[in-house]
Amino acid sequence: MAIKLKDKTVFITGASSGIGKACAEAFAAKGCRLLLTARRGERLEALALKLREKYNTHCLVAELDVQKKKAIDALVSSIPPAYADIDILVNNAGLALGKSPLHENNPKHWDAMFQTNVMGLLHVTHAVLPAMIERGKGHVINIGSVAGRGAYAGGTVYCASKSAVKSISEGLKHDLLGTPIRVTCIEPGMVETEFSTVRFEGDADKASSVYAGATPLTAMDIAESLVFVASRPLHVNISDMLILATDQSDATTVHRRG
Ligand SMILES: NC(=O)c1ccc[n+]([C@@H]2O[C@H](COP(=O)([O-])OP(=O)(O)OC[C@H]3O[C@@H](n4cnc5c(N)ncnc54)[C@H](OP(=O)(O)O)[C@@H]3O)[C@@H](O)[C@H]2O)c1
């Protein structure tokens with residue numbers, strides 16, 4: 001039987017857009033208390049206002065760049081007591097940059113992807129996990145990708161970063177065996193968010209071509225899956241969940257109409 005999520009505290013990274021923002025709404029609808037972080041603080045404020053009005057959500061927002069370890073540690077060590085007992089950590093902040101062959105890549109993009117998708121996830125987890133273990137409860141949900149299951153042309157470094165998210169999730173499950181802490185890796189396929197606009201540095205035509213003629217997943221499709229895994233009975237750990245659009249069969253194979 002599903003467990004109730006009401007009054008659980010959920011810490012979400014990258015809550016200013018896309019999947020993270022949808023997760024905020026989905027967990028708010030279940031009565032959760034939220035700690036929302038991202039770099040764009042004004043977006044978080046607007047989201048918090050909406051969630052307070054719509055769901056009466058207790059919501060704390062904080063600007064956080066997950067590339068900055070010191071800022072992560074400072075934030076986690078100064079969380080007000082009402083939000084400090086984090087039940088669910090959603091490591092969602094992430095990005096892809098560029099889609100050229102590796103030898104034509106801008107190496108600065110590699111840094112940004114690994115520092116965010118891998119090191120950011122590690123540092124946030126490292127900061128949050130000890131208190132979960134001490135309290136004897138908690139759930140770490142990492143957002144991986146279908147890209148972590150097999151590399152594709154033009155996505156070598158992004159795919160490697162998401163492959164790392166998959167391995168980290170698997171390793172963490174081993175490390176936490178014997179504790180009640182649960183670990184899940186959610187691996188979405190094509191989701192229509194700002195992801196492609198960021199990847200193509202604002203080129204709207206390139207971004208929309210990713211979804212052309214197909215029906216992509218929505219951010220809320222993914223958020224509802226997170227609510228599902230988080231609300232399984234405590235003896236159930238959904239370790240891995242690959243979620244594809246019906247119009248997609250792997251990272252690069254998409255059925256397009258017209
Ligand atoms: N969309 C897809 O097709 C897809 C598929 C598989 C997996 N994913 C994964 O899903 C996750 C969310 O992506 P999305 O599709 O929702 O894209 P999105 O709409 O661009 O959202 C990305 C979020 O990550 C945050 N972020 C990026 N860099 C950050 C940093 N250094 N520090 C803190 N926050 C940062 C952004 O916030 P700020 O810019 O305000 O900091 C934003 O809230 C990512 O991990 C992505 O790799 C996406």
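The values are calculated or read from the model by the stated rules, or taken from the named source; none is laboratory data. None of the values given here were measured: they were computed from a predicted structure. A quick note on method: Cβ atoms are made from the backbone with ideal geometry, for glycine too, and the neighbour counts reach across all protein chains shown. For accessibility, only protein heavy atoms count, side chains too; no ligands or nucleic acids. Shrake-Rupley method; radii C 1.70, N 1.55, O 1.52, S 1.80 Å.
Things to note:
- Cross-link partners for Lys69 among the aspartates and glutamates, with Cα-Cα distance under 16 Å and sequence neighbours closer than 8 places in the same chain left out: Asp111.
- Mean separation of Cα pairs under 8 Å and 6 or more residues apart, divided by the residue count, gives the chain a relative contact order of 21 percent.
- About its Cα centre, the dipole of the range 9-243 is roughly 300 debye, where the only charges are +1 on Lys and Arg Cβ and -1 on Asp and Glu Cβ.
- Distance histogram for the chain (every C-alpha pair counted, 10 angstrom bins, percent rounded to whole numbers): 7, 32, 38, 19, 4, 0
- Report summary: the helix-based calculation at 222 nm, which adds -39500 (n - 2.57) for every DSSP H run with n ≥ 4 and divides by the residues of the chain, gives -12000 deg cm²/dmol.
- Rounded to the nearest 20, the Cβ-based charge dipole of the range 148-240 about its Cα centre (Lys and Arg +1, Asp and Glu -1) stands at 360 debye.
- Taking the range 178-242 and dividing mean pair separation by its residue count, relative contact order in percent (alpha carbons under 8 Å, at least six apart): 52 percent
- Spatially proximal aspartates and glutamates relative to Lys173 (Cα-Cα < 17 Å; intrachain offsets below 8 disregarded): Asp87, Glu134, Glu187, Asp240
- At q = 0.11 Å⁻¹, base-10 log of I(q)/I(0) for the range 91-168 (Debye sum, equal scatterers on each alpha carbon): -0.32
- Distance (nanometres) between label positions extended 7 Å along Cα→Cβ at Tyr152 and Ala74: 3.9 nm
- Value of relative contact order over the range 1-127, rounded to a whole percent, pairs C-alpha under 8 Å and six or more apart: 27 percent
- When both the range 80-94 and the range 168-196 are represented by their alpha-carbon centers, they are found 15 Å apart.
- Shape box of the range 107-257 [Cα atoms, principal axes, largest first, Å]: 49, 35, 23
- Placing a pseudo-label 7 Å from each Cα along the Cα-to-Cβ vector at Glu53 and Leu242 gives an inter-label distance of 4.2 nm.
- For Leu35, the residues 5 or more places off, or on other chains, whose built amide H falls under 5 Å of its own are Val10, Phe11, Ile12, Leu60.
- Seen against the Cα atoms of the chain and their longest principal axis, helix 121-135 is set at about 20 degrees.
- Over 32 Å (Cα to Cα) - which of Lys50/Lys70; Lys4/Lys70; Lys70/Lys137 fall in this group: Lys4/Lys70
- The range 129-164 residues near the modelled His103 label - backbone nitrogen below 17 Å, point 7 Å along Cα→Cβ: 153-157
- Between Arg43 and Glu224, the FRET efficiency estimated from the beta carbon spacing at R0 = 22 angstrom works out to 0.55.
- Accessible-area rank, largest first, for Lys50, Lys166: Lys50, Lys166, with all protein chains present and a 1.4 angstrom probe.
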